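The values are calculated or read from the model by the stated rules, or taken from the named source; none is laboratory data. If you're wondering where the values come from, they're calculated on a predicted model, not measured in any experiment. Here the Cβ is made from the backbone with ideal geometry for all residues, glycine too, and neighbour counts use every protein chain on show.
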Amino acid sequence: MSNEIELPESVGMSSQRLNRIGVAMQRYIDNGTVRGISTMVMRRGKVVHAEQFGHRDAEAGLEITPDTIFRIYSMTKPIVSTALMLLHETTDFRLQDPVATYLPAFGATQVLGADGSLAPQARPMEIRDLLTHTSGLTYDFMEDTPVGQLYRDARIMNDATRTLEEVIDALAKIPLSSQPGSRWHYSLGIDVAARLIEVLSGQPLGDFLAERIFGPLGMTDTGFGVADSNLNRLSAMYGLPDLIGLDHTGTKLAEAALGGFNERIDVAATYPTGTPEVFVRGGLGLFSTIGDYANFAQMLLNGGHLGGTRIIGRKTLELMHSNHLPKKLLPWELLGQDNHGLGFGLGSRVMMDVAASAEAGSVGEYGWAGAAKTYYWVDPAEELVGLFMSQYMTGVTLPDQAMRALTYQAIDD
């Protein structure tokens, strides 16, 4: 896909209004909130905005460039979810299949009750539960369940020296935080899905993604790890303490945010660049550039193809980006915030009610974000893709959402 910037008016957007993105993003740089930002907007297959602001390494004076490499954290999830659905297309599994059919250890995983008692799964954890965050799994920074502490004790998230297989084997021995299908709870479900890809395909996850997604889409800078020759393009990390560092709960992160902590931080131990054969995960772990991720997002908008190459079927993507949550699980809550108007599909949020969401957008729009302030969305109704990249760990300010709002106000047809 060409990254040449086209005249916004050629696709029904206003150049004058789109320029407001740059003014706003520069303000975040000037006030010291974020050290570096990269933004991109595409409409009807054309890039109409692509700018960089600030530095990828402020101390060395190195500016953000179009090919800057970012740790994308949870923006790994939509890619891995798409990869699993490639195997669904070839009937390797059904979404309602029990996870234990392919990963037998999860058949014995029990559920921890509020009183500390253990109970068997009322119904088996299903593969679709992994992608919709209704599996009963959790994250170690979640504090509304004692299972989060069990994850911290077992170092489920913060031991980058363990392989994906080792992590998932350890995870299966820890009780679930709730019965499968009973609540929406952000979790390591897509990490389990990543292990399913390996079992079903017979390939390491990194090889599968490279062969089926990254290679065909020309995503040459995306993968688990960064080659030594490309480390000069990798952005440094700034902001709050490392989200997946040991003992960093949601409360501690919130306290740091309110305290204004915004320094350079070292995340190499928990998100390493040099061990792509070991540090492979489903919920985080990928490195990418804004241009590479734009290729992935545009493929989604196109209904599964890009540049004459089909990656996945249109109907599969429609299934993925439909709401899969029953009404009783809505609105879903993440770190104390109720997400009104949003449903959840297979790996990403889905806009169901624009008014209830209190954000400009369209019904059917979908996307996701990463812990270090990376964000993308796809709006099929407007034929629109937006991308925001930075390395600002879990800050309370929302430059990504400002960029989204400024994109929508620039639509002029």
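Below are the figures for this structure:
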{"item": "Residue among 354, 278 that is aliphatic (A, V, I, L, M), more than 30 Å from residue 167 (Cβ to Cβ) and surrounded by fewer than 17 Cβ atoms within 10 Å (Cβ to Cβ)", "result": "354"}
{"item": "Evaluation of residue 167 against (1) at pLDDT below 95; (2) of a type in the set (A, V, I, L, M, F, W, C); (3) part of a helix (DSSP H, G or I) (one fails), failing number", "result": "(1)"}
{"item": "Candidate set: region 25-49, residues that are surrounded by 24 or more Cβ atoms within 10 Å (Cβ to Cβ) and of a type in the set (D, E, K, R); chosen: the one modelled with the lowest pLDDT", "result": "35"}
{"item": "Members of region 357-377 found to be crowded, with 20+ Cβ neighbours inside 10 Å and of a type in the set (S, T, N, Q), listed by number", "result": "374"}
{"item": "Exclusive hit being under 27 Å from residue 376 (Cβ atoms) and either touching a residue at least 12 places away in the same chain (Cβ under 8 Å) or among the polar types (S, T, N, Q) (or both), set 139, 102", "result": "139"}
{"item": "Restricting region 135-160 to residues that are farther than 13 Å from residue 98 by Cα, among the polar types (S, T, N, Q) and under 22 Å from the mean Cα position of the chain (by Cα), the residue that is surrounded by the most Cβ atoms within 10 Å (Cβ to Cβ)", "result": "138"}
{"item": "Test for residue 9: is it assigned to a helix (DSSP H, G or I) and out of contact with any Gly (no Cβ under 6 Å at 6 or more places or on another chain)", "result": "yes"}
{"item": "Checklist (1) outside any helix (DSSP H, G or I); (2) within 22 Å of residue 272 (Cβ to Cβ) applied to residue 37, failing item", "result": "(2)"}
{"item": "Filtered residue count, region 325-347, keeping only those that are touching a His at 6+ places or on another chain (Cβ under 7 Å) and not in a strand (DSSP E or B)", "result": "3"}
{"item": "Looking only at region 161-180, and only at residues there that are among the hydrophobic types (A, V, I, L, M, F, W, C) and more than 18 Å from residue 98 (Cα to Cα), the one that is surrounded by the fewest Cβ atoms within 10 Å (Cβ to Cβ)", "result": "170"}
{"item": "Flag if residue 108 is exposed (fewer than 15 other Cβ atoms within 10 Å of the Cβ), without any contact (Cβ under 8 Å) to a residue 12 or more places away in the chain and out of contact with any Asp or Glu (no Cβ under 8 Å at 6 or more places or on another chain)", "result": "no"}
